[in-house]
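The structure appears below as C-alpha coordinates.
The values are calculated or read from the model by the stated rules, or taken from the named source; none is laboratory data. In this text the structure is predicted, and so the values were computed from the model without any measurement. Note that each Cβ is placed from the backbone with ideal geometry, even for glycine, and that neighbours are counted across all protein chains shown. We work out accessible area using only protein heavy atoms, side chains counted, and drop any ligands, DNA or RNA first. Shrake-Rupley method; radii C 1.70, N 1.55, O 1.52, S 1.80 Å.
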Amino acid sequence: MSENYDLHCHSTASDGALSPTELVQRAHEKGVTSLALTDHDTTAGLAEAQVAATATGIKLIRGIELSTNWQNKCFHIVGLGINPDHPQLAEATHNLHLMRIERAEKIAYKLEKKRIPGALEAVRKAAGDGMITRTHFADFLLSQNHVSTQQEAFDRYLGDGKSAYVSTSWTDMSQAINWITESGGIAVLAHPMRYKLTASWMKRLLTAFKEAGGQGIEVITGRINADEIRLVSDYATRFELAGSVGSDFHSPANQWVELGRLAPLPKDIKPVWELLN
Ligand code: AMP
Ligand code: MN
Ligand code: MN
Ligand code: MN
(Lines give C-alpha, C1' and ligand atoms only; values in the text may rest on other atoms or scores of the structure.)
(Ligands and ions follow the chains in the order given, each with its own letter.)
Protein backbone atom coordinates (compact mmCIF):
# COMPACT_ATOMS: atom_id res chain seq x y z
CA MET A 1 0.00 0.00 0.00
CA SER A 2 1.31 3.46 -0.81
CA GLU A 3 2.07 5.92 1.93
CA ASN A 4 -0.33 8.81 2.48
CA TYR A 5 0.94 11.64 4.65
CA ASP A 6 -1.15 14.36 6.25
CA LEU A 7 1.04 16.42 8.56
CA HIS A 8 -1.24 19.27 9.68
CA CYS A 9 -4.65 19.01 11.32
CA HIS A 10 -6.63 20.03 14.42
CA SER A 11 -8.66 18.31 17.13
CA THR A 12 -10.87 19.51 19.98
CA ALA A 13 -7.64 20.19 21.91
CA SER A 14 -7.72 23.45 19.92
CA ASP A 15 -10.21 24.50 17.23
CA GLY A 16 -10.95 21.21 15.53
CA ALA A 17 -14.44 19.70 15.56
CA LEU A 18 -13.35 16.09 16.14
CA SER A 19 -11.82 14.58 19.25
CA PRO A 20 -8.31 13.19 18.78
CA THR A 21 -9.81 9.68 18.59
CA GLU A 22 -12.42 10.66 15.99
CA LEU A 23 -9.79 12.52 14.00
CA VAL A 24 -7.41 9.56 13.86
CA GLN A 25 -10.28 7.24 12.93
CA ARG A 26 -11.38 9.54 10.13
CA ALA A 27 -7.81 9.85 8.85
CA HIS A 28 -7.55 6.06 8.82
CA GLU A 29 -10.85 5.79 6.90
CA LYS A 30 -9.58 8.30 4.35
CA GLY A 31 -6.44 6.25 3.73
CA VAL A 32 -3.91 8.32 5.68
CA THR A 33 -0.97 6.17 6.81
CA SER A 34 1.01 8.87 8.71
CA LEU A 35 -0.83 11.64 10.51
CA ALA A 36 0.59 14.59 12.45
CA LEU A 37 -1.80 16.17 14.95
CA THR A 38 -0.81 19.84 15.13
CA ASP A 39 -3.15 21.70 17.46
CA HIS A 40 -2.71 25.44 18.06
CA ASP A 41 -0.17 26.02 20.85
CA THR A 42 -0.98 22.73 22.58
CA THR A 43 0.07 19.09 22.67
CA ALA A 44 -2.84 18.06 24.90
CA GLY A 45 -4.49 15.88 22.24
CA LEU A 46 -1.44 13.77 21.46
CA ALA A 47 -1.79 11.10 24.16
CA GLU A 48 -5.37 10.27 23.17
CA ALA A 49 -4.45 10.37 19.48
CA GLN A 50 -1.64 7.88 20.10
CA VAL A 51 -4.06 5.38 21.66
CA ALA A 52 -6.35 5.63 18.62
CA ALA A 53 -3.37 5.46 16.25
CA THR A 54 -2.12 2.26 17.85
CA ALA A 55 -5.61 0.76 17.66
CA THR A 56 -6.06 1.58 13.95
CA GLY A 57 -2.48 0.96 12.84
CA ILE A 58 -1.88 4.53 11.64
CA LYS A 59 1.48 6.18 12.37
CA LEU A 60 1.06 9.25 14.56
CA ILE A 61 3.65 12.00 14.33
CA ARG A 62 3.57 14.18 17.40
CA GLY A 63 3.07 17.79 16.35
CA ILE A 64 2.06 21.31 17.31
CA GLU A 65 1.24 24.53 15.46
CA LEU A 66 2.76 27.47 17.29
CA SER A 67 1.46 31.01 16.77
CA THR A 68 4.52 33.22 16.42
CA ASN A 69 5.56 36.78 15.70
CA TRP A 70 8.24 38.05 13.36
CA GLN A 71 8.50 41.71 12.34
CA ASN A 72 5.16 42.45 14.03
CA LYS A 73 3.35 39.92 11.87
CA CYS A 74 1.89 36.58 12.86
CA PHE A 75 3.20 33.35 11.34
CA HIS A 76 2.31 29.77 12.15
CA ILE A 77 5.15 27.34 12.70
CA VAL A 78 4.38 23.64 12.72
CA GLY A 79 6.61 21.38 14.82
CA LEU A 80 6.80 17.76 13.68
CA GLY A 81 8.25 14.90 15.73
CA ILE A 82 8.34 16.96 18.91
CA ASN A 83 8.51 15.62 22.44
CA PRO A 84 5.57 17.17 24.34
CA ASP A 85 7.23 16.37 27.67
CA HIS A 86 10.30 18.44 26.92
CA PRO A 87 10.34 20.90 29.88
CA GLN A 88 10.64 24.12 27.87
CA LEU A 89 7.92 23.16 25.43
CA ALA A 90 5.64 21.95 28.23
CA GLU A 91 6.11 25.21 30.13
CA ALA A 92 5.49 27.21 26.96
CA THR A 93 2.20 25.49 26.16
CA HIS A 94 1.07 25.97 29.76
CA ASN A 95 1.75 29.72 29.51
CA LEU A 96 0.10 29.93 26.11
CA HIS A 97 -3.02 28.34 27.58
CA LEU A 98 -3.23 31.11 30.19
CA MET A 99 -2.46 33.74 27.58
CA ARG A 100 -5.27 32.54 25.37
CA ILE A 101 -7.71 32.74 28.30
CA GLU A 102 -6.71 36.37 28.93
CA ARG A 103 -7.01 37.16 25.25
CA ALA A 104 -10.46 35.55 25.16
CA GLU A 105 -11.55 37.78 28.05
CA LYS A 106 -10.46 40.83 26.07
CA ILE A 107 -12.20 39.72 22.89
CA ALA A 108 -15.39 39.01 24.87
CA TYR A 109 -15.20 42.46 26.46
CA LYS A 110 -14.96 44.09 23.04
CA LEU A 111 -17.96 42.09 21.84
CA GLU A 112 -19.90 43.08 24.94
CA LYS A 113 -19.29 46.73 24.10
CA LYS A 114 -20.82 45.96 20.70
CA ARG A 115 -23.91 44.67 22.56
CA ILE A 116 -22.99 41.03 22.09
CA PRO A 117 -22.98 39.50 25.60
CA GLY A 118 -22.23 35.96 26.70
CA ALA A 119 -19.25 35.22 24.45
CA LEU A 120 -16.77 34.32 27.18
CA GLU A 121 -19.06 31.81 28.80
CA ALA A 122 -19.87 30.25 25.43
CA VAL A 123 -16.29 29.92 24.17
CA ARG A 124 -15.05 28.57 27.51
CA LYS A 125 -17.76 25.95 27.41
CA ALA A 126 -17.05 25.08 23.77
CA ALA A 127 -13.28 24.87 24.24
CA GLY A 128 -13.52 22.85 27.45
CA ASP A 129 -9.99 22.05 28.59
CA GLY A 130 -8.66 22.91 25.14
CA MET A 131 -7.21 26.11 23.74
CA ILE A 132 -9.68 28.94 23.13
CA THR A 133 -9.29 30.28 19.60
CA ARG A 134 -10.98 32.83 17.40
CA THR A 135 -12.71 29.90 15.68
CA HIS A 136 -14.67 29.41 18.92
CA PHE A 137 -15.73 33.05 18.84
CA ALA A 138 -16.70 32.74 15.17
CA ASP A 139 -18.86 29.72 15.99
CA PHE A 140 -20.47 31.63 18.86
CA LEU A 141 -21.27 34.64 16.62
CA LEU A 142 -22.70 32.25 14.06
CA SER A 143 -24.85 30.43 16.61
CA GLN A 144 -26.26 33.75 17.83
CA ASN A 145 -27.04 34.86 14.26
CA HIS A 146 -24.76 37.88 14.44
CA VAL A 147 -23.16 36.62 11.24
CA SER A 148 -24.19 34.10 8.63
CA THR A 149 -20.80 32.50 7.93
CA GLN A 150 -17.55 31.89 9.81
CA GLN A 151 -15.79 34.07 7.24
CA GLU A 152 -18.17 36.96 8.00
CA ALA A 153 -17.31 36.65 11.70
CA PHE A 154 -13.65 37.26 10.82
CA ASP A 155 -14.45 39.99 8.30
CA ARG A 156 -16.67 41.94 10.70
CA TYR A 157 -15.39 41.18 14.20
CA LEU A 158 -12.40 38.90 14.65
CA GLY A 159 -10.02 39.59 11.79
CA ASP A 160 -6.90 41.72 12.05
CA GLY A 161 -7.97 45.30 12.88
CA LYS A 162 -11.70 44.51 13.10
CA SER A 163 -13.93 45.64 15.96
CA ALA A 164 -13.30 42.75 18.35
CA TYR A 165 -9.70 42.15 17.32
CA VAL A 166 -7.18 41.91 20.13
CA SER A 167 -3.58 42.21 19.09
CA THR A 168 -1.56 39.51 20.82
CA SER A 169 2.15 39.07 21.48
CA TRP A 170 2.76 35.51 20.47
CA THR A 171 6.01 33.64 20.80
CA ASP A 172 8.93 35.17 18.96
CA MET A 173 9.42 33.07 15.81
CA SER A 174 13.02 32.11 16.56
CA GLN A 175 12.06 31.18 20.14
CA ALA A 176 9.31 28.91 18.82
CA ILE A 177 11.71 27.26 16.37
CA ASN A 178 14.11 26.68 19.28
CA TRP A 179 11.44 25.01 21.43
CA ILE A 180 10.56 22.71 18.54
CA THR A 181 14.13 21.77 17.67
CA GLU A 182 15.27 21.41 21.29
CA SER A 183 12.44 18.95 21.87
CA GLY A 184 13.65 16.85 18.95
CA GLY A 185 11.28 18.19 16.29
CA ILE A 186 11.49 19.75 12.84
CA ALA A 187 10.18 23.33 12.41
CA VAL A 188 8.03 23.85 9.33
CA LEU A 189 6.58 27.11 8.04
CA ALA A 190 2.83 26.52 7.82
CA HIS A 191 0.67 27.53 4.82
CA PRO A 192 3.12 30.08 3.32
CA MET A 193 0.61 31.43 0.79
CA ARG A 194 -1.83 32.50 3.47
CA TYR A 195 0.27 35.43 4.67
CA LYS A 196 -0.11 37.36 1.40
CA LEU A 197 3.53 38.43 1.43
CA THR A 198 5.30 40.12 -1.45
CA ALA A 199 8.25 38.19 -2.91
CA SER A 200 10.75 40.38 -1.07
CA TRP A 201 9.00 39.89 2.30
CA MET A 202 8.80 36.16 1.66
CA LYS A 203 12.55 36.05 1.05
CA ARG A 204 13.25 38.01 4.23
CA LEU A 205 10.94 35.73 6.19
CA LEU A 206 12.56 32.56 4.84
CA THR A 207 16.03 33.94 5.49
CA ALA A 208 15.10 34.60 9.14
CA PHE A 209 13.31 31.26 9.40
CA LYS A 210 16.38 29.38 8.10
CA GLU A 211 18.76 31.31 10.33
CA ALA A 212 16.66 30.42 13.37
CA GLY A 213 16.85 26.71 12.51
CA GLY A 214 13.69 26.17 10.45
CA GLN A 215 13.99 23.15 8.17
CA GLY A 216 10.72 22.73 6.31
CA ILE A 217 7.92 24.49 4.47
CA GLU A 218 4.40 23.34 3.62
CA VAL A 219 4.52 22.92 -0.14
CA ILE A 220 1.16 21.15 -0.29
CA THR A 221 -1.75 22.47 1.80
CA GLY A 222 -5.52 22.01 1.79
CA ARG A 223 -6.58 24.46 -0.89
CA ILE A 224 -3.44 25.24 -2.88
CA ASN A 225 -3.44 25.52 -6.70
CA ALA A 226 -0.81 24.39 -9.22
CA ASP A 227 0.73 27.88 -9.63
CA GLU A 228 1.11 28.22 -5.87
CA ILE A 229 2.67 24.77 -5.60
CA ARG A 230 5.27 25.78 -8.19
CA LEU A 231 5.97 29.04 -6.40
CA VAL A 232 6.40 27.44 -2.96
CA SER A 233 8.48 24.62 -4.48
CA ASP A 234 10.84 27.27 -5.88
CA TYR A 235 11.20 28.78 -2.40
CA ALA A 236 11.80 25.33 -0.91
CA THR A 237 14.56 24.64 -3.43
CA ARG A 238 16.15 28.07 -3.15
CA PHE A 239 16.19 28.05 0.65
CA GLU A 240 17.03 24.33 0.90
CA LEU A 241 13.91 23.53 2.89
CA ALA A 242 12.24 20.13 3.02
CA GLY A 243 8.66 20.02 1.78
CA SER A 244 5.71 19.14 3.99
CA VAL A 245 2.19 18.09 3.11
CA GLY A 246 -0.73 18.99 5.39
CA SER A 247 -4.44 19.59 4.92
CA ASP A 248 -5.01 21.90 7.94
CA PHE A 249 -8.21 19.91 8.44
CA HIS A 250 -10.49 21.38 11.13
CA SER A 251 -13.97 19.98 10.62
CA PRO A 252 -16.01 17.62 8.43
CA ALA A 253 -18.38 20.58 7.97
CA ASN A 254 -15.82 22.22 5.68
CA GLN A 255 -16.45 20.33 2.47
CA TRP A 256 -13.39 21.83 0.75
CA VAL A 257 -10.77 20.36 3.06
CA GLU A 258 -10.52 16.65 3.83
CA LEU A 259 -7.88 14.50 5.50
CA GLY A 260 -5.53 12.63 3.19
CA ARG A 261 -6.77 14.19 -0.05
CA LEU A 262 -3.61 16.12 -0.87
CA ALA A 263 -1.65 16.53 -4.07
CA PRO A 264 1.67 14.66 -4.13
CA LEU A 265 4.85 16.49 -3.21
CA PRO A 266 6.75 17.48 -6.39
CA LYS A 267 9.45 14.89 -7.15
CA ASP A 268 12.37 17.32 -6.82
CA ILE A 269 11.41 18.41 -3.28
CA LYS A 270 12.98 16.61 -0.33
CA PRO A 271 10.12 15.18 1.79
CA VAL A 272 10.10 16.40 5.38
CA TRP A 273 9.36 12.86 6.62
CA GLU A 274 12.87 11.86 5.58
CA LEU A 275 14.04 14.11 8.41
CA LEU A 276 11.77 12.42 10.95
CA ASN A 277 12.93 9.26 12.64
P1 AMP B 1 -6.34 32.15 16.76
O2 AMP B 1 -5.13 31.24 16.75
O3 AMP B 1 -7.12 32.06 18.03
O4 AMP B 1 -6.02 33.54 16.36
O5 AMP B 1 -7.33 31.57 15.69
C6 AMP B 1 -6.88 31.38 14.40
C7 AMP B 1 -7.74 30.34 13.73
O8 AMP B 1 -8.91 30.95 13.25
C9 AMP B 1 -7.06 29.79 12.51
O10 AMP B 1 -6.27 28.68 12.82
C11 AMP B 1 -8.21 29.38 11.64
O12 AMP B 1 -8.65 28.10 12.02
C13 AMP B 1 -9.28 30.38 12.02
N14 AMP B 1 -9.37 31.46 11.02
C15 AMP B 1 -8.55 32.51 10.88
N16 AMP B 1 -8.97 33.33 9.89
C17 AMP B 1 -10.10 32.77 9.42
C18 AMP B 1 -11.02 33.12 8.40
N19 AMP B 1 -10.86 34.22 7.68
N20 AMP B 1 -12.07 32.30 8.20
C21 AMP B 1 -12.24 31.20 8.93
N22 AMP B 1 -11.41 30.80 9.91
C23 AMP B 1 -10.35 31.58 10.14
MN1 MN C 1 -7.32 26.84 13.38
MN1 MN D 1 -2.40 28.03 10.80
MN1 MN E 1 -3.63 24.80 11.32
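See the values below:
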item	result
Net charge over other residues, Cβ less than 13 angstrom from the Cβ of Phe209 (K, R count +1; D, E count -1)	+1
Nearest 10 degrees, 0 to 90: helix 46-56 Cα axis against the chain principal axis	60 degrees
Distance violations [Cα-Cα > 19 Å] among Lys210/Lys267; Lys73/Lys196; Lys73/Lys203; Lys73/Lys270	Lys210/Lys267; Lys73/Lys270
Surface share of carbon and sulfur [accessible, 1.4 angstrom probe, percent] for the chain	47 percent
Cut-off under 5 Å, modelled amide H: who pairs with Phe75 long-range	Thr68, Asn69, Trp70
Euclidean distance of C-alpha centroids, the stretch 223-277 and the stretch 128-154, integer Å	27 Å
DSSP-assigned coil residues among chymotrypsin sites (Phe, Trp or Tyr not before Pro) in the stretch 195-277, each with at most 14 further Cβ atoms within 10 Å	Trp256
For peptides 56-62, 72-78, sequence by mean Cβ density within 10 Å, most packed first	72-78, 56-62
Cleavage-rule hits, trypsin sites (Lys or Arg not before Pro), the stretch 176-269, DSSP coil, Cβ neighbours within 10 Å at most 11	Lys196, Lys267
Average accessible surface area per residue within the stretch 91-145, 1.4 Å rolling probe, Å²	59 Å²
